[in-house]
Each structure stands twice: as structure tokens, then as C-alpha cells.
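Notes to accompany the following structure.
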Amino acid sequence: MFPVQTLIISVGAIAAVSTILAVIMVIADATVANYGEVTITINEDMEKAVTVKGGRPLLSTLMGEEIFIPSACGGRGSCGLCKVTITEGAGQLLPTELPWLDEEERKNNVRLSCQVKVKEDMKIYIPEELFNVRQYTTRVERIRDLTYDIKEVTLNLLDPKAIEINAGQFVQFQVPEYELTDEPVYRAYSVASNPADKSKIELEIRLVPNGICTTYVHNYLKEGDEVIINGPYGEFFLRDTRRDVVCIAGGSGMAPIKSILLDMAEKGINRTTRYFFGARTTKDLFLVEELRELEEKLPDFVFIPALSNPEEDAHWEGETGLITDVVARHMTSGNNVEAYLCGSPGMIDACTKVLTGKGVPEELIYYDKFA
């Protein structure tokens with residue numbers, strides 16, 4: 001038999017075996033993997049339990065019961081936010097969980113709820129404040145271009161009609177089925193508006209190439225559309241102290257810092273505050289006038305925008321260079337300082353290094369690090 005004929009027969013045999021295995025897996029998924037009804041006991045001392053259909057990730061299963069666990073990545077296992085304690089029924093740790101769990105968390109049965117499938121009765125523990133998280137139906141009041149790749153989306157709350165939120169917290173935005181997703185998915189976005197207005201929220205959403213939510217918002221979402229959100233979440237809010245405040249952000253990281261500053265002005269909180277905002281060029285700057293207005297309302301607040309690569313014809317007279325260099329130039333000491341950062345993981349890591357080098361204790365550096 002010629003070698004070519006042997007090769008063809010071998011390839012055909014492998015293809016046939018692969019097809020048979022695929023069919024077996026489909027049958028197994030429909031039969032063996034049918035876990036039936038499963039009971040999840042939540043915070044055992046509260047005597048709260050739900051009976052659900054098994055087979056789905058714990059994160060989405062709980063969401064179906066209107067118990068919302070924070071997740072910045074929508075359940076892809078790439079943010080590490082959706083941690084819960086599972087004392088029974090979780091199975092073995094998965095490789096996708098290991099990068100997000102330290103040794104102490106592993107010993108204490110902490111797991112990523114987006115990665116753990118509900119296959120048998122479970123006992124879990126979640127922070128009680130998550131029981132106050134709610135789902136909201138909203139309507140898009142306005143979509144405004146802040147830059148060429150950032151849109152401000154204003155949502156009016158329809159049901160419930162009001163939300164209690166701390167300045168700096170985030171919500172999860174539901175993207176419906178469309179060409180990039182065959183099921184609804186959630187993404188996390190910090191709220192940019194003044195929490196005193198409980199009937200609406202503003203989000204600042206930057207376009208990410210092929211991003212499921214950002215593509216939907218930039219290319220499909222229209223004023224008048226209904227949007228489902230849930231929240232609020234997060235520990236990123238202004239602490240009630242007398243320390244000086246240093247804020248650092250870039251891009252859509254503007255959102256929670258803006259909310260915190262609006263809240264300070266609303267409540268008459270007068271603390272020495274410096275806000276460093278990093279952008280590449282002038283076209284990446286936005287809301288400058290609004291921040292200058294806040295300088296008039298807050299007695300000891302200064303907004304310091306900086307461009308890392310200003311255009312030659314921009315006639316830029318402000319700060320230039322990486323935002324870390326600008327912060328280092330302005331800060332003489334980190335004594336009596338607490339810092340609030342929002343941006344890319346790389347930016348936050350670099351700024352944390354500068355701040356600790358100036359004497360800011362790491363435990364006084366607060367941030368939302370959204371990948």
C-alpha cells in the first residue's frame with residue numbers, strides 16, 4: 001500500500017474516532033451530567049437555602065436566584081472578584097482558580113464562584129451585604145461621546161426607581177444576546193455620577209476591540225433602550241478620616257474618582273485633595289471643565305492632568321510625562337496621605353510603587369484594578 005493511501009486511511013480513522021467521541025460527550029452531557037435538583041445552603045446560621053437545577057457555574061446559578069456576587073469579568077475567571085467560601089460540595093480546586101487564591105484562602109475553602117459548577121448539595125458563605133444587592137431595570141436617557149473611544153451612558157432607574165450607592169462603587173451591566181454572545185453576560189463599570197441623585201447613574205465605557213459589552217454599547221445601544229443592571233458593589237469609597245487625599249486615574253478610571261469628588265462637594269467635605277489624571281494626548285482628555293468647576297467648589301482641591309505624549313501642535317502647557325513621574329514630582333511626603341487609584345493593573349502597580357516610596361502605607365492605598 002502506498003504511503004499516501006496509508007496516510008489517508010489513518011486520517012479518516014482518526015476523524016471517525018473523534019466524531020464518535022464527540023457524540024459520546026454530547027450524550028454524556030445530556031445524561032450523566034444531568035445533576036438534577038441541588039440544594040445550596042447559604043450562610044447556614046441564617047437558615048437560607050435555595051433549590052436549583054445543577055450543572056451551571058455557581059455564579060450564574062446564584063444570579064438566577066437574585067443573589068448577586070460581584071464579578072468584573074462576567075464569569076470568565078480573569079478578575080478574581082467572585083470569591084465565596086464553600087465548605088461542602090465544591091470539588092477540587094481548578095487550575096483556573098489557583099492564580100487568584102492565596103494560601104490562606106485555599107486553606108479556608110475560598111473559591112471562584114464562576115469556576116465552580118453546581119453538581120451536588122453545597123454549603124456556602126457570602127458577605128451579608130450582598131443580600132442587599134438588587135437588580136434594576138433602567139432606560140438609557142443619554143449617550144454622550146467624551147472622547148473618540150469613551151462614551152458616557154446615563155441610565156434612568158425604572159424599577160426600582162432609586163439606588164443607594166457609595167461614591168466609588170460599581171454596578172454590573174447586562175449585555176443581551178447579540179452577534180458577539182449567545183447568552184446575556186455581565187460586565188462591571190464604576191458609577192461616575194453624584195450618588196445624591198438616586199434616580200439615575202452615569203457610566204463611562206471605553207471601547208475595547210472585540211469587547212462584548214463595549215462593542216455593544218458603542219455600536220448597538222441607543223437612547224431609549226432598556227438596560228438591566230445589578231449592584232452596587234465594591235469597597236472603593238472615600239474613608240472618613242482627616243488625611244490628605246491623592247487620587248490617580250487614567251481613561252475611564254475617571255468614573256469613580258469623579259463620583260467621589262462630586263460627593264465631597266455635595267457633603268461639604270473639605271480635605272486637601274490632589275487628582276492626577278494621565279492621558280496620552282489631548283484627544284484622550286475629557287471632563288476638564290467639569291473638574292475645573294469642582295476646584296471652585298472644593299476649597300483645597302487641585303486637578304492635575306498630564307499628557308505622556310502631547311502633540312507638537314497642541315500648545316499644551318500642563319504637566320507632561322508618565323503619570324507616575326508627575327505624581328513623584330508633586331509629592332514631597334506621603335505622611336498623612338491616603339490614595340485612591342483607578343486604571344489598568346499596570347498603572348496601579350506602578351503608582352503604588354511611587355506612593356509607597358513616598359511613605360504612603362500600602363494599606364492606605366485603595367483601588368479598583370479592572371483588567
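Data table
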read-out	value
First in segment 269-289 and closer than 19 Å to residue 206 by Cβ and in contact (Cβ under 8 Å) with a residue 24 or more places away in the chain, second anywhere and of a type in the set (A, V, I, L, M, F, W, C) and in a loop (DSSP other than H, G, I, E, B), Cβ under 6 Å, 6 or more apart	279/285; 282/314; 286/146
Every residue from segment 121-133 that is in contact (Cβ under 8 Å) with a residue 40 or more places away in the chain and surrounded by fewer than 15 Cβ atoms within 10 Å (Cβ to Cβ)	128
Some residue of segment 134-151 being within 21 Å of residue 263 (Cα to Cα) and surrounded by 22 or more Cβ atoms within 10 Å (Cβ to Cβ)	no
From 324, 352, 356, 332, residue being hydroxyl-bearing (Ser, Thr, Tyr) and either farther than 26 Å from residue 170 by Cβ or modelled with pLDDT under 95 (or both)	332
Segment 310-342, residues that are assigned to a strand (DSSP E or B) and either under 17 Å from residue 281 (Cα atoms) or among the basic types (Lys, Arg) (or both)	319, 320
Scope segment 84-132; condition of a type in the set (Val, Ile, Thr) and either outside the structural domain of residue 42 (by TED's automatic domain parsing) or assigned to a strand (DSSP E or B) (or both); matching residues	84, 85, 86, 87, 110, 124
Matching residues in segment 289-303 - criterion: being buried (at least 20 other Cβ atoms within 10 Å of the Cβ) and over 11 Å from residue 265 (Cα atoms)	291, 303
Looking only at segment 343-371, and only at residues there that are in a strand (DSSP E or B) and in contact with a helix residue (DSSP H, G or I) (Cβ under 9 Å, 6 or more places away or on another chain), the one that is farthest from residue 191 (Cα to Cα)	365
When residues of segment 58-82 are limited to those that are without any contact (Cβ under 8 Å) to a residue 60 or more places away in the chain and touching a Pro at 6+ places or on another chain (Cβ under 8 Å), the one farthest from residue 97 (Cα to Cα)	82
Test result for residue 286, in a strand (DSSP E or B) and buried (at least 20 other Cβ atoms within 10 Å of the Cβ)	no
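Rundown of residues vs (1) touching a helix residue (DSSP H, G or I) at 6+ places or on another chain (Cβ under 9 Å); (2) of a type in the set (A, V, I, L, M), yes/no style:
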{"position": "213", "(1), (2)": "no, no"}
{"position": "219", "(1), (2)": "no, no"}
{"position": "233", "(1), (2)": "yes, no"}
{"position": "260", "(1), (2)": "no, yes"}
{"position": "265", "(1), (2)": "yes, yes"}
{"position": "270", "(1), (2)": "yes, no"}
{"position": "278", "(1), (2)": "yes, no"}
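The values are calculated or read from the model by the stated rules, or taken from the named source; none is laboratory data. The shown structure was predicted, so the numbers you read here are calculated from the model rather than taken from an experiment. Glycine also receives a Cβ, built like all others from the backbone with ideal geometry; neighbour counts cover every protein chain displayed.
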